[in-house]
Amino acid sequence: MQRLKIRTKKLLLGVVVGSSVGAVVALLSLARFGITENLELATYDLRAAYSIAPEHASKNILIVDVDEESLQTVAKEMSLTWPWPRELFGVAATYLHDAGAAAVVFDWIFEDEPYGVQDTQNFADALAVSKSVIGLSLSLEPREEPPSPATFAARLATFKTPAEAERAAAFVLTWHSRAFVLPAADHARTDVWVGGTLDESGAADALGRMLGDDVFREAVLKLSPETLPAKDAAPLTRALAVADPAAGRLEGEVTDVDLYKRRNTLGPAEGPAGAFPSRRGVNPPLPLFVVSAGAVGNAAQAVDEDGIFRHLAYAYRVGGALYPGLALAGAMAATANHDLTFPPEGGAFEFLGHRVPLEPDGRTLARFYGARGVYRHISIWDLLQSMSQKMNGEKPKIAPESLKGVIAVVSATARGMKDLKPTPVDPTHLGAEIVATAIDNLLQGDFVRRASPALNAEIGFGMCLLLGVVALYIWFLFRSALLASLLSLLAVAAVVGAYGAVAVYLYGHRGLWLDVALPAVGGAASWAVALLANTYVEGKDRRFVQEALGRYTSKALVQELLRNPQLLSLGAGQKKTMSIYFSDIQGFTTISEGLSPERLVALLNDYLTHLTDIILESGGIVDKYIGDAIMAFWGAPMPMENHAEIACLTALKMRDKIDALRPGWHKEFGVSVVARAGINTGPVVVGNTGSTHKFNYTVLGDTVNLASRLEGANKPYGTVLMISEATFHNAWEKVEVRELDFLAVKGKDVPVKVYELLCPKGQLAPERASAYRLFEQGLVTYRARRFMEAVAIFERVKEQLGEDGPSDTYIHRCETMLKDPPPEGWDGVYHMKEK
């Protein structure tokens, strides 16, 4: 009966623990935020990399590389350096089109005309013939265009159709002038006007410049049989009405954005169609390219918040309308299908009969079939050469039949021009291959969809409940704590492993993304909490002792004492190499004088609590508090090989924590809290000191004294974190520093090199790194006794950094030594006169 009661109690405890942890996991699954989401994304990346299937990648998708070889060959054979004439891209597009390519997609934004209007015209003609797809950039913020008060325009020509007039307007815009499309006098045709200048003569001059260019005249005449005004004839001019005073927009005005929107809209962004991401800014390519291309799609895709490219948007909302991304525009061009349908329940759209899932932000998960090179690549030079060979009656290097039905994505892959993005399957994935993957997913209807937050929450809750009950039941069955722990841990590993295998299978074969991180972590947490709860029930007194002692000393020390009771001896001292930390609050005496005792204690307790938590989390030991000062160490009682690295990184965390809390403290207590700290590494004696009635586990030796002196040495340099040369030599792989001085602290004759501790390795901003290198140059100059030159260098450091205490210190020293030069044999050592 008693054993039955114990089993029931254990099972109930398991249910309570599993349900409690499961509830937390379920809430986190529903919220999808913070570190839990980042952890889940990491497991997603592992699944994506494991599940690649190069054989599933379409053989009809081709990447045309503007590669290093093409650049060199074109420079050699055609005497053309980069950037190339746009006409070369037109030749490549024409060859692909003539060979029967299903679509040509330029992963490119053609915003300039490096070789003039004729080259622009030639490329536009090629785009019109090949119906190629080109890129543009949709941005979060609208494009800034100051309003213009100019209202005069001159009539260019009359066109039979609005389409002809619109293309003529594109020519005008490409010539960097304003264009206006208005009904002709007979209301049956359409006029194009040029100008938008301040007066009638300005409008005439603007038109005259265009008519004076034969390329422009010929291009416009091709659009309309109407006779253009003579080059020297006075054109008809008129003042146009202001249609939108705020934007400076005139009656009938057409802009490059208008041309883009008219030709590329997919329809209104209403109802389920409004689920796509919103953009406010439109930055189209040259207007002539916009009206010539088969379609224009957004090429500016955003990576996820952690810098990895997993999602892409197939369409975007701009204003009240929907516009395609580059991949969707390419797929539409390849299939001649421009129909999107939207199920009323939302969360997806349909294309070619395939349901395309949408994440809550309107993007879709890309289904990667492999790393870079999963699609066929050819060089653009080979296409250019093949076109030349075809025109000369020779056999082309690339046979036209090998290009029939392909979707060609043209992109830069030469050194310095590559569009590289990290993806789950390749840290340097080519942007064009991401576009190709998106097109491939659309055509195959092959997508990844994430399970709903509700389903993931249910799975996480069930995992936690199961493992909580299993862990407590195993502890009931086996009295050996070690055996029960091992068996329950194996059970957790088996359940989590089995679930992970199912998740990998569903991702690879069904395109279903089930959350793995939270269920796994939650299950492990449920096991851990269950064991802790069991320990609590069976060892309440032992826990009470640990908790009580932990308030007077480090919990890590308490645990070590429980494992090794022999440490509770005054004779247990050891000699070890450790890292010692001292800190105190700058101007604490002044702060204490301005606060009541109660408020001072409240501030000090909050300050010490936050810093102590960080020290303990790092595995450090808080030796003692001396008022506002903290003494801590790393390397004992448990061995810690990288104690210098941990001490430095912990000191940086404490500095950042103080910086974050400072505004709140100032608001609440009216004081500004700045803490200075020093770290030294070296041999110490560690153990218990005191009397037989009361003793303290502490460290002793010159290493400790120097650490204390380094904390105070911050003051004359205006720094907050100073470390010794010994600490730096043991932590240099993990931290960024700058050398400060050869310093002999008070009470020491032997100088040590000291450094300012700046930040973790790799996190130093380039401009600050440059300033610190300049500071080091100043040190060399100072030690070479070139004090005037050193002053100039330190002044430059201040200009780059703004305020800089060490530079101020050295400027003052140099000025002093210019007045009173140091003696011969001066070694550059600075001897401190105070602590």
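The values are calculated or read from the model by the stated rules, or taken from the named source; none is laboratory data. Please read these numbers as outputs of a predicted model, since none were measured by experiment. We place every Cβ from the backbone using ideal geometry, glycine too, and count neighbours over all the protein chains shown. Keep in mind that these areas ignore ligands, DNA and RNA; they rest on the heavy atoms of the full protein, side chains included. Shrake-Rupley method; radii C 1.70, N 1.55, O 1.52, S 1.80 Å.
Quick notes
- Qualifying residue in segment 611-620 (condition: surrounded by fewer than 16 Cβ atoms within 10 Å (Cβ to Cβ), farther than 22 Å from residue 735 by Cβ and of a type outside the set (Lys, Arg)): no
- Test: residue in segment 644-663 that is touching a residue at least 40 places away in the same chain (Cβ under 8 Å) and in a loop (DSSP other than H, G, I, E, B): no
- Subset of segment 759-790 that is touching an Asp or Glu at 6+ places or on another chain (Cβ under 7 Å) and part of a helix (DSSP H, G or I) - its residue that is farthest from residue 828 (Cα to Cα): 776
- Of the residues in segment 438-456, at least one is out of contact with any strand residue (DSSP E or B) (no Cβ under 7 Å at 6 or more places or on another chain), more than 30 Å from residue 331 (Cα to Cα) and open to solvent by less than 10 Å² (accessible area, probe 1.4 Å).
- Flag for residue 822 being assigned to a loop (DSSP other than H, G, I, E, B) and open to solvent by less than 20 Å² (accessible area, probe 1.4 Å): yes
- Residues (within 30 Å of residue 354 (Cα to Cα) and hydroxyl-bearing (Ser, Thr, Tyr)) located in segment 472-527: 499, 505, 507
- Test set (1) in contact (Cβ under 8 Å) with a residue 12 or more places away in the chain; (2) under 27 Å from the mean Cα position of the chain (by Cα) - residue 765 fails condition number: (1)
- Tallying residues that are surrounded by fewer than 20 Cβ atoms within 10 Å (Cβ to Cβ), of a type outside the set (Phe, Trp, Tyr) and within 28 Å of residue 575 (Cβ to Cβ) within segment 623-639 yields 5.
- Checking residue 508 against (1) closer than 25 Å to residue 24 by Cβ; (2) part of a helix (DSSP H, G or I); (3) open to solvent by less than 60 Å² (accessible area, probe 1.4 Å), the condition it does not meet: (1)
- Restricted to segment 223-333, the set of strands (runs of 3 or more DSSP E) holding at least 2 residues that are in contact with a strand residue (DSSP E or B) (Cβ under 8 Å, 6 or more places away or on another chain) and open to solvent by 50 Å² or more (accessible area, probe 1.4 Å) comprises 237-239, 242-244.
- Enumeration of residues in segment 46-81 that are hydroxyl-bearing (Ser, Thr, Tyr), within 26 Å of residue 516 (Cβ to Cβ) and open to solvent by less than 30 Å² (accessible area, probe 1.4 Å): 51
- Sole exception among (1) within 38 Å of the chain's Cα centre (by Cα); (2) in contact (Cβ under 8 Å) with a residue 40 or more places away in the chain; (3) under 17 Å from residue 742 (Cα atoms) for residue 804, by number: (3)
- Summed over segment 187-236, the residues that are at pLDDT below 85, of a type in the set (D, E, K, R) and farther than 28 Å from residue 123 by Cα give a count of 1.
- Selection status of residue 434, open to solvent by less than 50 Å² (accessible area, probe 1.4 Å), at pLDDT 90 or above and either under 25 Å from residue 31 (Cα atoms) or touching a Lys or Arg at 6+ places or on another chain (Cβ under 8 Å) (or both): yes
- Look at segment 87-106: where a residue is surrounded by 24 or more Cβ atoms within 10 Å (Cβ to Cβ) and a partner is in a helix (DSSP H, G or I) and of a type in the set (Val, Ile, Thr), sitting 6+ places away or on another chain with Cβ atoms under 7 Å, you get 92/380; 105/435.
- Residues of segment 771-788 include at least one that is open to solvent by 50 Å² or more (accessible area, probe 1.4 Å) and in contact with a helix residue (DSSP H, G or I) (Cβ under 7 Å, 6 or more places away or on another chain).
- Per the listing 157, 169, 184, the residue uniquely within 28 Å of residue 325 (Cα to Cα) and either among the hydrophobic types (A, V, I, L, M, F, W, C) or out of contact with any Asp or Glu (no Cβ under 7 Å at 6 or more places or on another chain) (or both) is 169.
- Each residue in segment 733-755 was checked for being touching a helix residue (DSSP H, G or I) at 6+ places or on another chain (Cβ under 7 Å) and not basic (Lys, Arg), and 9 pass.
- The listed residues are 383, 358, and the only one of them that is more than 30 Å from residue 272 (Cα to Cα), among the aliphatic types (A, V, I, L, M), buried (at least 17 other Cβ atoms within 10 Å of the Cβ) and in contact (Cβ under 8 Å) with a residue 24 or more places away in the chain turns out to be 383.
- From the options 179, 188, 150, residue that is among the small types (Gly, Ala, Ser) and crowded, with 23+ Cβ neighbours inside 10 Å: 179
- One residue from 688, 696 being in contact with a helix residue (DSSP H, G or I) (Cβ under 8 Å, 6 or more places away or on another chain) and either on the phi > 0 side of the Ramachandran plot or in contact (Cβ under 8 Å) with a residue 40 or more places away in the chain (or both): 688
- Qualifying residue in segment 409-416 (condition: more than 24 Å from residue 431 (Cβ to Cβ) and either among the acidic types (Asp, Glu) or open to solvent by 40 Å² or more (accessible area, probe 1.4 Å) (or both)): no
- Whichever residue in segment 731-748 is more than 21 Å from residue 774 (Cβ to Cβ), charged (D, E, K, R) and under 35 Å from the mean Cα position of the chain (by Cα) and, among such residues, is surrounded by the most Cβ atoms within 10 Å (Cβ to Cβ): 734
- Yes/no for residue 161 being within 21 Å of residue 127 (Cβ to Cβ) and surrounded by 14 or more Cβ atoms within 10 Å (Cβ to Cβ): no
- Residue identified as touching a strand residue (DSSP E or B) at 6+ places or on another chain (Cβ under 9 Å) and modelled with pLDDT under 90 among 769, 744: 744
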